[in-house]
Amino acid sequence: MYYTYFIGPAGSGKSTLTYAIADWLKVTSMESEISDTVSVACVNLDPGVRWTPYPPDVDVRDFIDYNEVMRTYQLGPNGALVAATDLIITYIDEIKEEIQDTGADYVFIDTPGQIELFSFRVAGPKICKELGGKKKVVCFLFEPGLVLDPSGFISTLLLSSAVEYRFFLPHLNLLSKSDILDEEEMERIIGWSENFSSLNTAIDMQVSGMEREKSLRMSKLFEDLGTISSLIPVSSKSSAGLDGLYAELQRIFAGGEDFESET
């Protein structure tokens, strides 16, 4: 099983991308020579979500009732989400068994909308570890509206880096909702992720004072680390870039080769 976790700020498009890449892979595999060997499962790990654009093959809401958590522990909406997400670990064996029962080759995992609930509490990395699977990737979503200016880009890059160091797994940065950007905006943002000198130039032109100095220092830090991956633009609406995302996943999972079932 190949596990892909979609992580990002609320509203960055995790659920729609989970649906889009799963549907794209199903359609693509049906048209290829491996149509009889590839299967896909979508997993919802958000106990507070009201609706998902995909029918979950495994749904944490089958184990945890968010409203019941609120009533039982007399918590407000935010506190109940924290408690409900932490409670996932108590059902991890059952969730793991359900995932394995799907027999899926690719498992796409939609994480809670509030990034801090999954990424920056003890439960998230532990859930990821306990679910098993030797092949795992974290895909971090950059929301276009947050990265149009260099300061917003750097703050999102900081968040992505924090997630990467929380999980210590292969990590891809995705520019989600790329269809809402014009060509010039997309090229500029992707250029920042590929060439820090262009990011530094943008900082010099658009930022001033202490913010400029801190932004330049952070840019230099990312450049020195040398671990930041270039952004992969994807669109759940138009399916643009999904082939590129699949290629990167396969590079990590199977050295670039298409999936071959183990027999």
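Some values worked out for this structure:
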quantity	calculated
Complete set of residues in the stretch 202-224 that are free of Cβ contacts under 8 Å to residues at least 24 places away in the same chain and under 12 Å from SER161 (Cβ atoms)	LEU221
Residue in the stretch 23-46 that is assigned to a helix (DSSP H, G or I), among the small types (Gly, Ala, Ser) and at pLDDT below 95 present	yes
Criterion: surrounded by 14 or more Cβ atoms within 10 Å (Cβ to Cβ), modelled with pLDDT of 90 or more, in a loop (DSSP other than H, G, I, E, B) and touching a Leu at 6+ places or on another chain (Cβ under 7 Å) - qualifying residue of SER236, SER193, SER229	SER236
Some residue of the stretch 124-132 being modelled with pLDDT of 95 or more and crowded, with 24+ Cβ neighbours inside 10 Å	no
Within the stretch 59-178, helices (runs of 4 or more DSSP H) holding 3 or more residues that are hydrophobic (A, V, I, L, M, F, W, C)	77-87, 92-102, 115-119, 123-130, 150-167
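The values are calculated or read from the model by the stated rules, or taken from the named source; none is laboratory data. The structure presented is a predicted model; accordingly, all values stated were derived computationally and were not measured. Virtual Cβ from ideal backbone geometry, glycine too; neighbours counted across all protein chains shown.
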